[in-house]
Amino acid sequence: MQRRFQMYLSKIILDRRHPSIRQALRDCHDMHRNIQNWFYKPRKDAGILYRLNCNEKDAAVYVLSEEQPDQSKITNDCMKLVGSREVSDFEGQMTAGKSFHFSLLTSPCKKVPIGNSKNSRRRFLRMPEERAEWLQRHAKQSGFQICSICEKNEQELHGGQKESGMFIRTVEFEGILKITDPNIFRHSWENGIGPEKAYGMGLLLLVGIEG
């Protein structure tokens, strides 16, 4: 399984008092464009995954990517790059049997046919039990098992014009996972889990468990 050559994890603080940041927080298309502007390559070529975490005053964006963000495009009156590091040492900790606390923002869906055509669309899974089963399936495919899980913060992301725009239902999973296949797990961590990665989903935030 081919892995990416080198990866960086970066943290950018956004000042949500600034009008342009408030607009990006309301519109996932705007947020996507802001983050893409920090890089020279398109999102897929640069291997970009990101996760937005907010509080009452500030918002932090965690970005996993093959190249470091261009600091000259970030440091201004409404955003600041506070850290960026190469993650090979961290990936070296991803060994069989290793456990991590995890957080994942995602949109658990299944594909359903559109009428009698061969086309399909994604339908958000409405029942928590269905969503937990969805995560268990993806965990098995991604080289880890779920030891404990808690679902929180079901919400909607909106983007584009009100009349013709999009919305995505999301949930956040938190819990403990254990790695079963390190190579598959590293590949999944680098490439993300589930759909809508362009809009801030799929990045597993991990904290190691000692002992």
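Leu105 meets all of the listed conditions (1) within 19 Å of Tyr62 (Cβ to Cβ); (2) assigned to a helix (DSSP H, G or I); (3) not acidic (Asp, Glu) but one, namely (2). Note on the range 124-211: enclosed strands (runs of 3 or more DSSP E) holding 2 or more residues that are closer than 18 Å to Cys28 by Cα, of a type in the set (A, V, I, L, M, F, W, C) and in contact with a helix residue (DSSP H, G or I) (Cβ under 7 Å, 6 or more places away or on another chain) are 166-179. Considering only residues in the range 40-55 that are within 12 Å of Leu9 (Cβ to Cβ) and not hydroxyl-bearing (Ser, Thr, Tyr), the one that is farthest from the chain's Cα centre (by Cα) turns out to be Gly47. Does at least one position in the range 56-71 carry a residue that is more than 13 Å from Ser84 (Cβ to Cβ), in contact with a Lys or Arg (Cβ under 7 Å, 6 or more places away or on another chain) and part of a loop (DSSP other than H, G, I, E, B)? The answer is yes, given that some residue of the range 56-71 is more than 13 Å from Ser84 (Cβ to Cβ), in contact with a Lys or Arg (Cβ under 7 Å, 6 or more places away or on another chain) and part of a loop (DSSP other than H, G, I, E, B).
Of everything in the range 129-168 that is under 18 Å from the mean Cα position of the chain (by Cα), of a type in the set (D, E, K, R) and modelled with pLDDT under 95, the residue that is surrounded by the most Cβ atoms within 10 Å (Cβ to Cβ) is Glu154.
Checking the condition among the polar types (S, T, N, Q), surrounded by 12 or more Cβ atoms within 10 Å (Cβ to Cβ) and under 26 Å from Cys147 (Cβ atoms), which residue from Gln68, Gln23, Gln93, Gln36 passes? On inspection, the qualifying residue turns out to be Gln93.
Considering only residues in the range 10-43 that are of a type in the set (Lys, Arg) and in contact with a Lys or Arg (Cβ under 9 Å, 6 or more places away or on another chain), the one that is farthest from Tyr62 (Cα to Cα) turns out to be Arg17. Checking each residue in the range 6-22 for being under 22 Å from Lys197 (Cβ atoms) and in a helix (DSSP H, G or I) picks out only Ile21.
The values are calculated or read from the model by the stated rules, or taken from the named source; none is laboratory data. Just so you know, these numbers come straight off a predicted model, no measurement behind them. With ideal geometry, Cβ positions are generated from the backbone for all residues, glycine too; neighbour counts draw on all protein chains shown.
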